[in-house]
1. Tell me which residues, restricted to segment A:232-250, are farther than 12 Å from A:G207 by Cα and free of Cβ contacts under 8 Å to residues at least 24 places away in the same chain.
2. Looking only at segment A:130-139, decide whether some residue is at pLDDT below 95, farther than 26 Å from B:R258 by Cβ and either within 19 Å of the chain's Cα centre (by Cα) or in the same structural domain as A:V51 (by TED's automatic domain parsing) (or both).
3. Is it fair to say A:D9 is surrounded by fewer than 16 Cβ atoms within 10 Å (Cβ to Cβ) and under 30 Å from A:E239 (Cβ atoms)?
4. Residues of segment A:117-143 being in contact with a Phe, Trp or Tyr (Cβ under 9 Å, 6 or more places away or on another chain) and part of a loop (DSSP other than H, G, I, E, B), which ones?
5. Restricting to segment B:1-57, and then to whatever is in a loop (DSSP other than H, G, I, E, B) and hydroxyl-bearing (S, T, Y), can you tell me which residue is farthest from B:Y244 (Cα to Cα)?
6. Which numbered condition in (1) in the same structural domain as A:F235 (by TED's automatic domain parsing); (2) modelled with pLDDT under 95 is the only one that A:L143 fails?
7. Taking A:R168 as meeting all but one of (1) in a helix (DSSP H, G or I); (2) in contact (Cβ under 8 Å) with a residue 12 or more places away in the chain; (3) surrounded by fewer than 16 Cβ atoms within 10 Å (Cβ to Cβ), write down the number of the exception.
8. Find the helices (runs of 4 or more DSSP H) located wholly in segment B:149-246 whose residues include 3 or more that are out of contact with any Lys or Arg (no Cβ under 8 Å at 6 or more places or on another chain), buried (at least 17 other Cβ atoms within 10 Å of the Cβ) and more than 13 Å from chain A (Cβ to nearest Cβ), and list them.
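The values are calculated or read from the model by the stated rules, or taken from the named source; none is laboratory data. Note that this is a predicted model, so its numbers are computed, not measured. Methodologically, a virtual Cβ is constructed for each residue, glycine included, from the backbone with ideal geometry; neighbour enumeration extends over all protein chains shown.
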Amino acid sequence: MAETKLILDGLCKAFDGLDVLAGIDLDVAPGEFVSVIGPSGCGKSTLFNIVAGLQRPDAGRVLVDGEDATGRTDPFAYMPQQDLLFPWRTVLDNTALGLEVGGLRRRDARARARALFAPFGLAGFEDARPHQLSGGMRQRAALLRTVVLERPVLLLDEPFGALDSLTRTDMQTWLDGVRARFDWTVLLITHDVREAVYLSDRVVVLGPRPARVRREVPIGLPRPRVLDMITDPAFAAAERELLAALRRPD
Amino acid sequence: MAPPTGARRVLRAGVPPLVLVLAGLAAWQWAVVATDVRPQVLPSPLRVAAQGWAFREQIWANTVPTLQVTAVGFAVSLLLGWTIAIAVDFSPWLRRALTPLLVASQTLPIIAIAPLLIIWFGFGLLPKVVVIALVTFFPIAVGLIEGFAATERTASDLLRSMGASRWDEFRHVRLPGALPRFFTALRIGITYAVTGAIFAEYVGAQAGLGIFMNLQKNSFRTDLVLAAVVVTAVLSVTLFLLTYVVERLVVPWNAELRGG
């Protein structure tokens, strides 16, 4: 069996008798970038909350490096949709919050976060307040706060959903570049098919509620991804296949 | 456009109410002179000012105890409000247990309770502190409770995903997030504090603006009652404005957000 970083094994969840997840199975290899797409309300966020250890599944397990990590938060660095940068902290203190909460001394936490400011294009904004940053910078700061925890798996929940399309494209290119440098294992939720194809090694399509994995589409495009690839026939084919899988009635 | 400087902002905020007050005083002065009403019934504003100044030592001697009572009472109220709000934030059981009691505490007719407090606790500090705390802790407690509870679910989730304890979450997110609301509540509370002190003293005290007003009223010195009323208003407004100063020091980021 190939080496796997993350295994989702038959995850099920129901709310008030309503089935939301009906057995989600998924394997993610180390360093792999996997996107999860699905119709709105299909349970993508529930799936993420379960993987992140914020909710318990009714059945099934989450495994990281072969060990049971169901209900545990520590193997995952979680980036929610909103940037959630707190106005009472400077940008540096916001990005160091997770380390501080994790028990690191404030000075050490700040030093570790500070080291990432340059690669994240935030150098010079350490002492700024979040409201002084642009939308793209805020998302980069939120991502910095996530990855600085150095946890095995990154969970990104529609990180660029709130950005305008130009900034979003810039951020996707940037994320692809920075990912190559740091070799993260990433699970990304998005409803943007193009974003999923552009960033991922593999895209997983969930069906409507109750959600199951309906299709997995490997993306064979070379890395690093560049904007021109959007017009590549392989890109268009992957997009078409995903849209067809999304639209297929059960 | 450049934001107005401090001095200009004060002018812009201060001039309209000042004009209105001066116009009102002028009309009052004119009415008293024109109708020749007796000063025991309605003294002119100039007479209030002159007599207030003449009795300034006596008024000051009564202002100090009122300020002391207000400070102690409000401090107790703050302590009570914070304690209750934090306890309620950490314990859903306490929230259910205390919420109806908090509301009930506000339905007590203070006007009937205050004399009883004097019977129970005498003419000293305690009954006054109780009255002030009773009328001011409620907005503070409710403001804080709602401020803590207004923390976004996603922010709690983020902290939990970082491995934060409930206390970490409180310290890093819920508490700072509630501070703007706290200062709003503080302003509501503090406007009641001086009036609460006056009221408590009015019922019975050895010294203070409240008992001073009561005595002057009984000897038909309407002018001195009104002079003491003016002092009370000045005290309340000063304390009210002071909350803005403290707010700027404690939550500078909030002013930045509103300004920018």
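1. A:D232, A:P233, A:A234, A:A236, A:A237, A:R240
2. no
3. On the way: surrounded by fewer than 16 Cβ atoms within 10 Å (Cβ to Cβ): no; under 30 Å from A:E239 (Cβ atoms): yes.
No; evaluated as a whole, the condition is false for this residue.
4. Within segment A:117-143, A:F117, A:P119, A:F120, A:G121, A:A123, A:G124, A:F125, A:E126, A:R129, A:L133 meet the criteria.
5. So, considering only residues that are in a loop (DSSP other than H, G, I, E, B) and hydroxyl-bearing (S, T, Y), the one farthest from B:Y244 (Cα to Cα) is B:S44.
6. (1)
7. Evaluating A:R168 over (1) in a helix (DSSP H, G or I); (2) in contact (Cβ under 8 Å) with a residue 12 or more places away in the chain; (3) surrounded by fewer than 16 Cβ atoms within 10 Å (Cβ to Cβ) leaves (3) as the failure.
8. Details: elements: B:153-161, B:166-169, B:175-203, B:209-218.
Per the criteria, B:175-203, B:209-218.
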